[in-house]
Amino acid sequence: MSVERVDGRTARRQRGRLAVIEAAFRLLGSGEPATTEMLASEAGISTSSLFRYFEGLDDLYRQLAEHFHVQHAELFDASPSPGSDRTDRIAEFVELRLRLAAVVAPWGRRVDAYALTHPEVAPVTMDLRQRTARQVDRFFAPELDRAGSDRRAELAAAIDATTSASVIRTMRDVHERSPQQIARSWTSTLALLLAVHDDRPSSPPE
């Protein structure tokens, strides 16, 4: 078998996998259930072809998450501007979290719901959550270090939870807050959380 023939088959396979992944994004974003039949129909392939590209729905969801992270790496892997002070870092972080929530919202809850009945997919959603959690350390390492090793994790968790997509949904849907109002609330809350340990000398985490 020639190299050209193998390369052509690989390219077709990659195009087919990408077509299914993009179909899954469209279905999840529209609120439709991403069953194998609907995925195949949306991607314009047969159901049997679907499983030539993926080992199963759990494999598809894993690759879906990986593709999502690559596509939006600038949101997941963002760091504060060099030399920015705390006020600027808070402003950048709040804007980042609002943008990230807007991107994740259309399909995140659907994937979470799928993971409840398919535990093998849970590590995928956990990995994405851990990537967003690591943003807190990149943006606020000086303040976290000042909190001390005993309180560092608690402060980081409080910041991550306070600015999560689920909190946005609660503030928006239950309390009828606009994005601008949510941003103001987060900004003032983060300023208070980060100032709690200002009187302690900074020390590296253990």
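Between Arg26 and Met126, 0.36 nm times their residue separation minus their Cα-Cα distance comes to what?
Values: separation 100, 0.36 × 100 = 36.00 nm, distance 2.20 nm.
Gain on extension, Arg26 to Met126, equals 33.8 nm.
Here's how it looks for Arg177: its modeled amide H is under 5 Å from those of Arg172, which are all 5 or more places away or on a different chain. Note on His197: accessible area is roughly 20 Å² with a 1.4 Å probe, heavy atoms of protein only.
The values are calculated or read from the model by the stated rules, or taken from the named source; none is laboratory data. As the structure is a prediction and not an experimental result, all values here were calculated from the model. Protein only, heavy atoms only, side chains kept; ligands, DNA and RNA dropped before computing areas. Shrake-Rupley method; radii C 1.70, N 1.55, O 1.52, S 1.80 Å.
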